[in-house]
Amino acid sequence: MRAVVFEEFGQEARVRNVADPSPSRQGVVVRVEATGLCRSDWHGWMGHDPDITLPHVPGHELAGVVEAVGKDVVGHRPGDRVTVPFICACGRCSACAAGAQQVCERQTQPGFTHWGSFAEYVALEQADVNLVSVPDGMSFGTAAGLGCRFATAFRAVVARGRVAAGEWVAVHGCGGVGLSAVMIAVACGARVVAVDVSPDALRLARTLGAVECVDASAHPEGAGETVRELTGGGAQLSLDALGSPVTCAASVRSLRRQGRHVQVGLLPSAAGDPVVPMARVIALELEVLGSHGMAAHAYPPMMDMVRAGTLRPDLLVTSTIGLDAAPAALAAMGAARGAGVTVIEPARRPPRA
């Protein structure tokens, strides 16, 4: 199969022919129809993830068609349209038994613990625990985001953040996860303040329903105070959807009394540990929460809202490229970010000259 491979962290990846994967006894091989380009993939390429061994194929949010199944798989067959949480749970540990597969003790993650979906095929573990069916009417480009950015944002806003209609929600960082959070919070009846350094990202956030937009480039120490002014005292819920010491602290400072901060964006060690304003956490009785993906069994409420048209993850996809363009797009994520989400279609070939 063709796949994007890098052999050194931070060095140019290339499209190469590599061996096709085979399913494990309880796993499947999926023909990748679409896979999202996520900032987490860039972190992995840069060497910020300790689970990656070289050479490596990135890619963790995907949708496609089951190509082959392991002998112990009972719930899926070749030809099934599927997506999968980026955290593939074991289904047997104490966390899984409690329904918390998103923090599975023996989790695997395509694109991190093993080769991922920037390829024509990808192997996935524990299919009966992790695969999510994709409705016939849903495009693979839309479904790919349900494996990471959109499902991650849904759980962060709805389950961990406990958003309520009429509340103020601040979203710091309007990449794929952040824009998803804007859309989801608006659909739940919240008033959203979007914060980002990109004018294009802020314009897109406004089209998705954000009532206030803050240019973070004008606030190098964070936009917490500005958010408090715009919301008349602070947001009830604030999310760091980027993952940096500045945005983490700004999110906490955005909150009013007894507000809730949800940390969604990864905080790589290379950026240093964030300094959380704990004096404010204590004085205002703030909640500081982490959110890490969403288990496959928790997808139905989100899928119902997508099917009903209440949520439109398809509106977040602003660019579709082929596998050959993926290495350059991956490297470019370290520079200025564009607005919206880029989806890679491995079967797409570059036009002939």
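The values are calculated or read from the model by the stated rules, or taken from the named source; none is laboratory data. Not measured: the values here are computed from a predicted model. Cβ atoms come from the backbone with ideal geometry, glycine included; neighbour counts cover every protein chain shown. All accessible areas refer to the heavy atoms of the entire protein, side chains included, with ligands and DNA or RNA removed. Shrake-Rupley method; radii C 1.70, N 1.55, O 1.52, S 1.80 Å.
Within the chain, DSSP assigns beta bridges of which about 50% are antiparallel (rounded to the nearest 5). Probe radius 1.4 Å, ligands and nucleic acids ignored: give me the carbon and sulfur share of the accessible area of the chain as a rounded percent. C and S fraction of accessible area: 51 percent.
Placing unit charges on each Cβ (+1 for Lys and Arg, -1 for Asp and Glu) gives region 42-123 a dipole about its Cα centre, and among 46, 113, 89 the Cα reaching farthest toward its positive end belongs to 89.
Taking only the Cα atoms of region 159-310, the radius of gyration and Dmax are 14.5, 44 Å. Note on region 269-319 and region 128-155: Cα centroid distance 16 Å, given to the nearest whole angstrom.
Each peptide in 15-25, 188-198, 94-104 gets a packing score, the mean of other Cβ atoms within 10 Å over its residues, and the list from highest to lowest is 188-198, 94-104, 15-25.
Rg/Rh for region 92-228 (Cα atoms only, Rh after Kirkwood) is 1.03.
Of the complete DSSP H runs in the chain, those spanning 15 angstrom or more by Cα along the long axis with a mean Kyte-Doolittle score not below -0.5 are 176-187. Computed over region 239-308, the range of Cα coordinates on each principal axis works out to 42, 32, 17 Å, biggest value leading. Ligands, DNA and RNA are left out, and with a 1.4 angstrom probe the accessible area of the chain is 41 Å² per residue. Shape analysis of the chain yields a ratio of the Cα radius of gyration to the Kirkwood radius, Rg/Rh, of 0.96. Fraction of C-alpha pairs exceeding 18 angstrom in region 117-193: 50 percent, rounded to a whole number. Computed over the alpha-carbon pairs of region 150-216, the distance histogram in 5 Å steps reads 4, 22, 34, 24, 12, 3 percent, short to long.
Calculated mean residue ellipticity, 222 nm, the chain: -6500 deg cm²/dmol, from DSSP H runs (n ≥ 4) at -39500 (n - 2.57) each, averaged per residue and rounded to 500. In the chain, the sites counted are GluC sites (Glu not before Pro) in DSSP loop states with at most 12 other Cβ atoms within 10 Å, and the longest stretch holding none of them, exclusive of the sites, is 106-220. Charge dipole of region 119-177 (Cα centre as origin; +1 on each Lys and Arg Cβ, -1 on each Asp and Glu Cβ, all else neutral): 360 debye, rounded to the nearest 20.
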